[in-house]
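Since the structure comes first, as structure tokens, the remarks are kept for the end.
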Amino acid sequence: MKNYCLEFSNSEFFFKEFKKLYFNNGFVVVKNLLNQSDLAEKSQFFLSILHFYKNVSNKLSINIKHTKSLKELDFYVKKLEKKDRDASLEVQKIINRSQSILNISNNNRVLSIVSLCLNINVNNILFEGFGAVVPNIPNNSTRLYKYHSEAHWLPFRRNFVNCWIPIFRKKKKNSGTMIVVPFSHKKEHTFFEYRGFEKLQKNSYLQYETSIPKNSVEVAIEAKVGDAVFFHRNLLHKSELNKSNDVGYLFVNRYFDISSDLTISSNLNLRPYSQESERIGRKLVLPTEQL
């Protein structure tokens, strides 16, 4: 991981090295970009996330002794997912519109690096939204993605950067981290579309899966709270099953420059794929994988 990590400093050397690593490797882990205490248990940010999960959980008669701890948040996340998955997804959407999320997306250090990746003035950066908090529940594969490129999801957007930040707990191998393929952003990739993760699970996310080049090196991201990962729109990456006993939490967002886009649209999520293709598309199942 050393060749992909860079300690943050507000210096000309840092920004020069970051730019070199980013465009060469396709991603950079920036160490200590944010104040760890601002993203940890008991922080105002944490209490805001807990507030929304508790609020929705209580509406569904999910109640425990209020401890204002990470274990309490874990409890709500797991119980909501089991009792009412739609409600679980809704509370995520509610959180994603909160001021606490906007504070991270709009962080000056984050924006200074985004500006470098996109090669535009900070004031011309576009947000996909406030950002998102994504839980990774132990041994739950319904929220996971196979190898894919963000460029496949947003092919009309020709210049954007992805931001991935662990919150509350660090990320490492087997704890539900992200796995990336360095240098893969320099090649074009085809994909196939289906819904599911394992054996076409109906409740799993839509996949735009691609195969990784032969002899590729795969890197499992290791990042602590306060670190941030920035990765190229065309970099191949995937989710990892969380084999730990603890829920993992992430902040994610995309930032855009529309200068080179061929489409004039305020909808940054615009995709050319039809709803019909989502309904009929599926993974090719080999005989050994038959249900």
Study note, to complete from the structure: By Cβ neighbour count within 10 Å, fewest first, W153, W164 rank W153, W164
Review point. Using a Gaussian network model of the chain with C-alpha springs under 10 Å, which one of S100, S115, S61 is most mobile by mean-square fluctuation?
Key: S61
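Dipole size in debye (nearest 20) for region 103-173 around its Cα centre, Lys and Arg Cβ +1, Asp and Glu Cβ -1?
Dipole magnitude for region 103-173 comes out near 420 debye.
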Revision key, fill the gap. Per the Cα gyration tensor, region 30-74 corresponds to an equivalent ellipsoid with semi-axes, largest first in Å, of 25, 10, 7
Practice item. Would you mind checking the pairs K83/K224; K173/K224; K59/K82; K173/K238; K59/K243 and listing those with alpha carbons more than 20 angstrom apart? Key: K83/K224; K59/K243
**Study point:** For region 10-107, alpha-carbon Rg over 2.2 N^0.38 Å
**Key:** 1.41
Review point. Over the chain, what is the relative contact order in whole percent, taking alpha-carbon pairs under 8 Å and six or more residues apart?
Key: 26
Study note, to complete from the structure: Charge tally for neighbours of L262 with beta carbon under 11 Å away, counting Lys, Arg as +1 and Asp, Glu as -1, is +1
Point to revise | Check: the chain dipole with +1 on Lys, Arg Cβ and -1 on Asp, Glu Cβ, in debye | key: 600
Check your understanding: What number, in nm² with one decimal, is the all-direction average of the projected area of the convex hull of the alpha-carbon atoms of the chain?
Key -> 16.1
Exercise for review: Show which aspartates and glutamates lie in cross-link reach of K65 when reach means a straight Cα distance below 18 angstrom and same-chain residues fewer than eight apart are skipped.
Suggested key: E41, D74
**Study point:** Full-stretch length increase - F191, E7 - with 0.36 nm per residue and alpha-carbon distance subtracted
**Key:** 62.8 nm
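Would you work out the relative contact order for region 115-240, in percent, from Cα pairs under 8 angstrom that are 6 or more residues apart?
Contact order relative to length: 40 percent.
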Practice item. Go through S11, F192, I221 and say which Cα lies farthest out towards the positive end of the charge dipole of the chain; charges sit on Cβ, +1 for Lys and Arg, -1 for Asp and Glu. Key: I221
Revision key, fill the gap. What helix-only [θ] at 222 nm does the chain give? Using -39500 (n - 2.57) per DSSP H run of at least 4, over all residues, to the nearest 500, the answer is -8500 deg cm²/dmol
Check your understanding: How far apart, in nm, are the 7 Å Cα→Cβ label points at K42 and F156?
Key -> 4.8
Study note, to complete from the structure: Contour minus Cα-Cα span, K16 to N174, at 0.36 nm per residue, comes to 53.6 nm
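Read the figures in this text as sums done on the coordinates, not as results from a lab. All values derive from a computational prediction rather than experimental measurement. We place every Cβ from the backbone using ideal geometry, glycine too, and count neighbours over all the protein chains shown.
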